[in-house]
Amino acid sequence: MANLLAIAKKEFVDLLSNHMVLIVIIAMLINIVGNAYDFYVVSSGWRPGARVMYDSNMGVAACNNVFFGITWFGTIIGIILGCSTISSERAGKALSTLTTKPVYRDTIINGKILGALAFLACVMMLFIAFHTSALLILCGSLLAPFLLDYFSRLLFVFLFSMAFVMAFLSLSMLISLLVSDQAFAMILSTLTVYISYEFTTLVSYNLDRILPGYGLGGMLARFSPYSMLWEGGVQDRFMNTGIGAWEAFMEILPDFTRLLLVVTIVLVLSYIVFVRRDIS
């Protein structure tokens with residue numbers, strides 16, 4: 001346990017001092033300010049013809065603004081963290097050193113996953129807190145009557161967004177373990193976002209044409225994070241202004257469970273690859 005926590009702590013510190021990770025975090029904080037200001041402009045009626053989504057309840061509308069920003073930009077964070085978890089160690093030959101020390105390989109990969117998860121959770125909470133502060137500063141009077149609706153959904157936004165981003169973090173970690181060229185691994189990891197975003201066009205439609213009648217394309221689309229979010233109606237069900245936060249989360253619980261299943265499967269594959277093959 002001591003070795004596990006030591007490796008997790010080292011992973012957390014390494015990610016915190018990684019220049020690429022810090023640049024992406026700063027870029028997302030700047031993006032948050034832009035999103036919050038855009039929400040303020042549109043919700044105040046200063047952009048004729050435009051309106052915010054779910055504006056029948058401004059608390060839910062503001063929460064959706066956070067949810068959209070953190071899932072969209074969070075995928076970039078997930079990819080960077082997943083690749084950095086492996087590439088930084090490879091570049092410094094630290095993986096070779098670790099695997100030759102009296103520390104089990106499963107302890108190493110478990111510690112790295114734990115450290116990456118802890119760092120991602122801190123980053124996501126930072127984003128939510130920063131976005132909330134920006135919205136309250138800009139739209140405090142507008143949101144005041146709906147603060148309960150806003151804050152009651154934030155915990156569930158955090159939980160779903162963590163699972164959503166973890167899907168891409170785990171995929172990028174697996175790809176980095178399988179592909180020794182880390183620049184190419186980063187490109188492939190980025191490609192997973194595009195494939196997920198265009199899953200119906202790129203995979204589901206063609207698969208159903210090749211194997212008609214089995215419904216394989218639609219079944220696989222239910223496990224694609226972005227297909228789940230947009231075509232699966234997660235956003236609309238989650239931000240349903242007619243029901244409370246808990247009821248809304250229960251509506252998307254099956255989708256949340258499938259995301260966790262995807263994360264678990266990919267992390268298990270990463271575990272197997274790390275333990276059984278040469279990753280130096």
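Only the coordinates and a few stated rules stand behind these numbers; no lab work does. The model shown is predicted, which means the values in this text are computed figures rather than measured ones. Using ideal geometry, Cβ is built from the backbone for each residue, glycine included, and neighbour counts are taken over all protein chains shown.
Please compute the modelled spin-label separation between Val275 and Trp46, points set 7 Å along Cα→Cβ, answer in nm with one decimal.
5.6 nm
Using label points projected 7 Å from each Cα along Cα→Cβ, tell me how many nm separate Ala118 and Val13, to one decimal.
1.1 nm
What FRET efficiency comes out for Leu147 versus Leu5 if R0 is 51 angstrom and r is the Cβ-Cβ distance? Round to the nearest 0.05.
It comes out at approximately 0.85.
Could you order peptides 171-184, 63-76 by the average number of other Cβ atoms within 10 Å of their residues, highest first?
63-76, 171-184
Return the distance in nm (one decimal) between the two label points of a simple spin-label model at Arg222 and Met20, each offset 7 Å from Cα along Cα→Cβ.
3.6 nm
If packing is taken as the average number of other Cβ atoms within 10 Å across a peptide's residues, how do 143-154, 110-121 rank, most packed first?
110-121, 143-154
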